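Visitor: Just passing along the structure, written as structure tokens.
The values are calculated or read from the model by the stated rules, or taken from the named source; none is laboratory data. Predicted model only: the values in this text are computed from it and were never measured. Cβ placement follows ideal geometry from the backbone for every residue including glycine, while neighbour counts extend to all protein chains displayed.
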Amino acid sequence: MSSIKEYFSSVGKGIASLAKGMAVTGKEFVTPKVTEQYPENRATLKIADRFRAELTLVYNTEGRHKCIACGICQMNCPNGSIELKTKMVELPDGKKKKVLEDYYYDLGSCTFCMLCVTTCPQGALEFSNDFEQAVFTRAKLVKKLNYKPEPTVEEIAAAAAAPKPKPAIDPEQLAKIKAEALAKAAAKKAEKEAAEKAAAGQPEGNAEA
Ligand code: SF4
Ligand code: SF4
């Protein structure tokens, strides 16, 4: 008698469990889909504006950037991802001024810490959310950011005469962000070295032996 009772009890539990599962399936069936069908939906895909994909120079409507070649972004980058080439030009008043010649950015070593953007006194940098950055060689990840015609000598003179804006970040906050970024970069480097040693079959800490 008890085995018949157990049998019907387990059948009842099975049906209840099945109903519960079907309820979840039914709910998900009518819930709007969140999975992106990339790359089929490339034309309509919306990437969040705050997503950091690659560093870019901000260009105005005349195609001019605001970089004054001060080198602050290069000095603050914990990964050496920024390399500036500068040159001297003579202004109409005879004074010499350092200007940007080439602005190179290595996306392959950038950790998207934003130190360059937050410390730029000109607001000349920003991150784009253009996420399609796949290339076949690392060399192609090094990009020249000043790809439009450079400002004329007159424009440089006008910019030099304008009052200098200050970075929108206080020194204490900057030091904190920089320390965090440097620690992150050091950890990444140590991790990479350990992985290289492991791949070479060399026991860690035995490199000098
Ligand atoms: S900090 Fe700004 S203005 Fe200075 S070199 Fe970098 S991008 Fe140019
Ligand atoms: S986001 Fe950070 S790591 Fe990338 S270029 Fe700027 S300072 Fe360097």
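Visitor: Select from region 1-57 the residues that are outside any helix (DSSP H, G or I) and either among the charged types (D, E, K, R) or touching a helix residue (DSSP H, G or I) at 6+ places or on another chain (Cβ under 9 Å) (or both) and list them in ascending order.
Guide: Those that are outside any helix (DSSP H, G or I) and either among the charged types (D, E, K, R) or touching a helix residue (DSSP H, G or I) at 6+ places or on another chain (Cβ under 9 Å) (or both): Lys33, Glu36, Glu40, Arg42, Lys46, Asp49, Arg50, Arg52, Glu54, Leu55.
To keep it simple, each residue is scored yes or no on (1) away from ligand 2 (no atom under 16 Å from the Cβ); (2) in contact with a helix residue (DSSP H, G or I) (Cβ under 9 Å, 6 or more places away or on another chain); (3) on the phi > 0 side of the Ramachandran plot.
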position: Ile68; (1), (2), (3): yes, yes, no
position: Ser81; (1), (2), (3): no, yes, no
position: Lys87; (1), (2), (3): yes, no, no
position: Lys96; (1), (2), (3): yes, no, no
position: Ser109; (1), (2), (3): no, yes, no
position: Phe112; (1), (2), (3): no, no, yes
position: Pro121; (1), (2), (3): no, yes, no
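Visitor: Name, by its number, the condition in (1) at pLDDT 95 or above; (2) within 15 Å of ligand 1 (Cβ to nearest atom); (3) not aliphatic (A, V, I, L, M) that does not hold for Gly123.
Guide: Every condition holds for Gly123 apart from (1).
Visitor: Test of understanding: among Lys33, Lys46, which residue is modelled with pLDDT under 90 and either under 22 Å from Phe127 (Cβ atoms) or among the small types (Gly, Ala, Ser) (or both)?
Guide: Within the list Lys33, Lys46, the selection yields Lys46.
Visitor: Still on this structure: Got at least one residue in region 104-118 being in a loop (DSSP other than H, G, I, E, B), in contact (Cβ under 8 Å) with a residue 24 or more places away in the chain and among the β-branched types (Val, Ile, Thr)?
Guide: Checking region 104-118: at least one residue is in a loop (DSSP other than H, G, I, E, B), in contact (Cβ under 8 Å) with a residue 24 or more places away in the chain and among the β-branched types (Val, Ile, Thr).
Visitor: Filtering region 64-75 down to residues that are within 12 Å of ligand 1 (Cβ to nearest atom) and not hydrophobic (A, V, I, L, M, F, W, C), which residue is surrounded by the most Cβ atoms within 10 Å (Cβ to Cβ)?
Guide: That would be His65.
Visitor: Considering each of Asp102, Asp93 in turn, give the residue that is farther than 18 Å from Gln133 by Cβ and in contact with a Lys or Arg (Cβ under 8 Å, 6 or more places away or on another chain).
Guide: Asp102
Every residue, every condition in (1) hydrophobic (A, V, I, L, M, F, W, C); (2) surrounded by 10 or more Cβ atoms within 10 Å (Cβ to Cβ); (3) farther than 20 Å from Val142 by Cβ, yes or no:
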site	(1), (2), (3)
Glu6	no, yes, yes
Val11	yes, yes, yes
Thr25	no, no, yes
Leu45	yes, yes, yes
Phe51	yes, yes, yes
Glu62	no, no, yes
Cys77	yes, yes, no
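Visitor: Identify, by number, the condition in (1) touching a residue at least 24 places away in the same chain (Cβ under 8 Å); (2) within 16 Å of ligand 1 (Cβ to nearest atom); (3) over 20 Å from the mean Cα position of the chain (by Cα) that Asn60 doesn't meet.
Guide: Tallying (1) touching a residue at least 24 places away in the same chain (Cβ under 8 Å); (2) within 16 Å of ligand 1 (Cβ to nearest atom); (3) over 20 Å from the mean Cα position of the chain (by Cα), Asn60 fails exactly one: (1).
Visitor: Are any of the residues in region 169-187 assigned to a helix (DSSP H, G or I), among the polar types (S, T, N, Q) and either at pLDDT 80 or above or loosely packed, with under 14 Cβ neighbours inside 10 Å (or both)?
Guide: Yes: region 169-187 contains one or more residues that are assigned to a helix (DSSP H, G or I), among the polar types (S, T, N, Q) and either at pLDDT 80 or above or loosely packed, with under 14 Cβ neighbours inside 10 Å (or both).
Visitor: Got at least one residue in region 145-153 being assigned to a loop (DSSP other than H, G, I, E, B), at pLDDT 95 or above and either away from ligand 1 (no atom under 13 Å from the Cβ) or within 22 Å of the chain's Cα centre (by Cα) (or both)?
Guide: Checked region 145-153: at least one residue is assigned to a loop (DSSP other than H, G, I, E, B), at pLDDT 95 or above and either away from ligand 1 (no atom under 13 Å from the Cβ) or within 22 Å of the chain's Cα centre (by Cα) (or both).
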